[in-house]
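The values are calculated or read from the model by the stated rules, or taken from the named source; none is laboratory data. Everything numeric here is computed off the predicted structure, so don't read it as measured data. Glycine also receives a Cβ, built like all others from the backbone with ideal geometry; neighbour counts cover every protein chain displayed.
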Amino acid sequence: MEKHTHKEDWIAILTGTFVVAQGIFFLQSANLLTGGTTGLALLASQFIPLSFGTLYFLANSPFYLLAWRRFGKRFALTSALSGGLVSILTDHLDLVISLDKVNPVYCAIAGGLLMGLGMLILFRHRTSLGGFNVLCLFIQDRFGISVGKTQMAIDCTILTASLFFVSPITIALSVLGALVLNIVLAMNHKPSRYIVTYG
């Protein structure tokens, strides 16, 4: 496959992080969760007096080191930049948009769809958001298991553990959003079709 230009990569990072932030905003608006470090940060923000963006970046930070060691400096730095942009954008979206009427089912579907599309854009341009995305890409690179399948397994584990902290209906809707997200990735990011290269 012909490689993307650096200009295309930077535009994709801005686009992908913007789309992911919109998805997280929908989940936040309905007090829903999701899997991965995003879900951990959404859950923790309900109990810890720190913003989602701060908790999200802190949760992702160890994985940027893993990305550096396994995939190289460029991938690690662009992933850290992408994670930072999502943190900043999500924390400040309430300055430009608010939802007066919130349907939790719609928010679950829209949130999962937008997050999946944003992550797909980033994956196609040789970067990620850090966190379990890095682990999933590592597994795909090493064992040929698609990102979507691995991410779904991790997400289900996190959401199941969240049953101790939130209501079953919240978990059920959060699972719906996580399924939508991972279906987007599983259908559109197959290791046999897109070879992920790093440098």
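Looking at the range 166-180, is at least one residue among the aliphatic types (A, V, I, L, M), within 15 Å of L120 (Cβ to Cβ), loosely packed, with under 14 Cβ neighbours inside 10 Å and under 18 Å from the mean Cα position of the chain (by Cα)?
no
Residue check: is T15 touching an Asp or Glu at 6+ places or on another chain (Cβ under 9 Å), over 19 Å from F165 (Cα atoms) and assigned to a helix (DSSP H, G or I)?
no
How many residues does the range 125-151 hold that are at pLDDT 85 or above, of a type in the set (S, T, Y) and farther than 15 Å from G83 by Cα?
1
For T17, state whether it is among the hydroxyl-bearing types (S, T, Y), within 15 Å of the chain's Cα centre (by Cα), buried (at least 21 other Cβ atoms within 10 Å of the Cβ) and under 14 Å from S174 (Cβ atoms).
no
Looking at (1) surrounded by fewer than 22 Cβ atoms within 10 Å (Cβ to Cβ); (2) over 21 Å from I169 (Cα atoms), find the lone condition where L114 falls short.
(1)
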